[in-house]
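To start, the structure itself, in structure tokens.
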Amino acid sequence: MDKIKRIGVMTSGGDSPGMNAAIRAVVRTCAYYETECIGIYHGYQGMIAGDFIELNARSVKGIINKGGTFLKSARSKEFMTKEGRQKAFDNLKAANIDALITIGGDGTFTGAIIFNREFNFPVIGIPGTIDNDIAGTSHTLGYDTALNTVVDAVDKIRDTASSHDRLFFIEVMGRDAGHIALNVGIGAGAEEILIPEENLGLERLLESLEKSKQSGKASSIVIVAEGDKSGKNVFELKDYIDKNLPEYDVRVSVLGHLQRGGSPSCFDRVLASRMGVAAVESLLEGKSNLMVGLISDEIALTPLENAIKGQSKINKELIRVSDIMSV
């Protein structure tokens, strides 16, 4: 492999806190190793449009504490075509970009795998998604920040629930993975937690809420992942409880995109810095088609294909703890 002289960096898919910190780490690691760094705006769509900017150590000052991504993010239908990817490759070569660091989730990594396969173009992935649904890492960028954001929101909602003796169903992000719901449920003291990985069953939910009422709980919080296995959305769950447990005064709160915003936590800033350094160093060492992850607090490399295909496992111990805590 020829010596890598210019590395492109981009963010794609949903934004997550810590992406700016990761871009900063990539740019400054490139500067440290006297390698040029090129920012690519709007992800794969920016590659197709040739929307590039030269970055140096000073270009990324003051962004480590910023949520979102200053390189912007977009989904690209054109990149899903062979013609679109050819255009992206031609633009990278015209800009003398030798390798690519992609920050995003499974869709971003899928694109990187296909691009690498078609053009033998060196790519390294950094996992950036609040859902924590990527295998090969215990934490994705933004996950820790999202947990803290959601716990803070639930704490505020509980104030109202307690004041008015209400039951709140609170929907959190997690279409395919219940990591946010499970951890927030325990951290915020929820009475029940509904996640995609476990089918609690509506009957058990009723029994649990009835038991809570009998034990003297005047208010309750139920955390619902948007991909909950019951098959009912949070408003349908409210209707079900209204019908079967009319003694409850039920309210719904959908937290939505506020979970993806905000200043990244210290953990996410440090993680982004570690991952950015490892991504650049991996490319300079001739490695490719890998994702940088965190396993047992050590930086580890996983084939991109495994990161996508592998399911991030829910912690069964946390499910047991949540059951005990809900008495």
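The values are calculated or read from the model by the stated rules, or taken from the named source; none is laboratory data. Not measured: the values here are computed from a predicted model. Please note: Cβ atoms are built from the backbone with ideal geometry, for glycine as well, and neighbour counts cover all protein chains shown. In case anyone asks, the SASA skips ligands and DNA or RNA and just uses the protein heavy atoms, side chains included. Shrake-Rupley method; radii C 1.70, N 1.55, O 1.52, S 1.80 Å.
Table for the structure above
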item	result
1 or more residues free of Cβ contacts under 8 Å to residues at least 12 places away in the same chain: qualifying strands (runs of 3 or more DSSP E) within region 229-318	298-303
Filtered residue count, region 24-51, keeping only those that are closer than 13 Å to residue 73 by Cβ and in contact with a Gly (Cβ under 7 Å, 6 or more places away or on another chain)	2
So residue 145, is it in contact with a strand residue (DSSP E or B) (Cβ under 8 Å, 6 or more places away or on another chain) and modelled with pLDDT of 95 or more	no
Scan of region 276-306 for residues that are among the polar types (S, T, N, Q), at positive phi and exposed (fewer than 15 other Cβ atoms within 10 Å of the Cβ), ordered by number	296
Number of the exception - residue 133 against (1) open to solvent by less than 40 Å² (accessible area, probe 1.4 Å); (2) in a loop (DSSP other than H, G, I, E, B); (3) out of contact with any strand residue (DSSP E or B) (no Cβ under 7 Å at 6 or more places or on another chain)	(1)
Any hit, region 92-114, residues being of a type in the set (Asp, Glu), in a loop (DSSP other than H, G, I, E, B) and under 17 Å from the mean Cα position of the chain (by Cα)	no
Residues (modelled with pLDDT of 90 or more, over 21 Å from residue 153 (Cβ atoms) and open to solvent by less than 40 Å² (accessible area, probe 1.4 Å)) located in region 243-275	271, 272, 273, 275
In region 51-80, the residues that are out of contact with any Asp or Glu (no Cβ under 9 Å at 6 or more places or on another chain) and open to solvent by less than 40 Å² (accessible area, probe 1.4 Å)	57, 60, 63, 71, 74, 76, 79
Per-region count, region 1-37, residues of a type in the set (Val, Ile, Thr) and more than 18 Å from residue 108 (Cα to Cα)	4
Members of region 163-178 found to be closer than 15 Å to residue 255 by Cβ, open to solvent by 10 Å² or more (accessible area, probe 1.4 Å) and either hydrophobic (A, V, I, L, M, F, W, C) or within 13 Å of the chain's Cα centre (by Cα) (or both), listed by number	168, 173, 175
Filter result for residue 321 (surrounded by 13 or more Cβ atoms within 10 Å (Cβ to Cβ), without any contact (Cβ under 8 Å) to a residue 60 or more places away in the chain and out of contact with any Lys or Arg (no Cβ under 6 Å at 6 or more places or on another chain))	no
Flag for residue 144 being of a type in the set (D, E, K, R), open to solvent by 20 Å² or more (accessible area, probe 1.4 Å), outside any helix (DSSP H, G or I) and in contact (Cβ under 8 Å) with a residue 40 or more places away in the chain	no
Verdict on residue 25 being more than 14 Å from residue 11 (Cα to Cα), open to solvent by less than 20 Å² (accessible area, probe 1.4 Å) and small (Gly, Ala, Ser)	no
Hits in region 21-37 (condition: touching a helix residue (DSSP H, G or I) at 6+ places or on another chain (Cβ under 8 Å) and either in a helix (DSSP H, G or I) or polar (S, T, N, Q) (or both))	21, 22, 23, 24, 25, 26, 27, 28, 29, 30, 31, 35
Residue count for region 106-130, restricted to those that are of a type outside the set (A, V, I, L, M, F, W, C) and open to solvent by 40 Å² or more (accessible area, probe 1.4 Å)	6
Filter result for the condition that a residue is surrounded by fewer than 24 Cβ atoms within 10 Å (Cβ to Cβ), more than 16 Å from residue 38 (Cα to Cα) and either modelled with pLDDT of 95 or more or of a type in the set (Gly, Ala, Ser) (or both), over 87, 93	87
Some residue of region 33-52 being under 16 Å from residue 275 (Cα atoms) and aliphatic (A, V, I, L, M)	no
Subset of region 307-318 (residues that are surrounded by 13 or more Cβ atoms within 10 Å (Cβ to Cβ) and within 23 Å of residue 121 (Cα to Cα))	307, 308
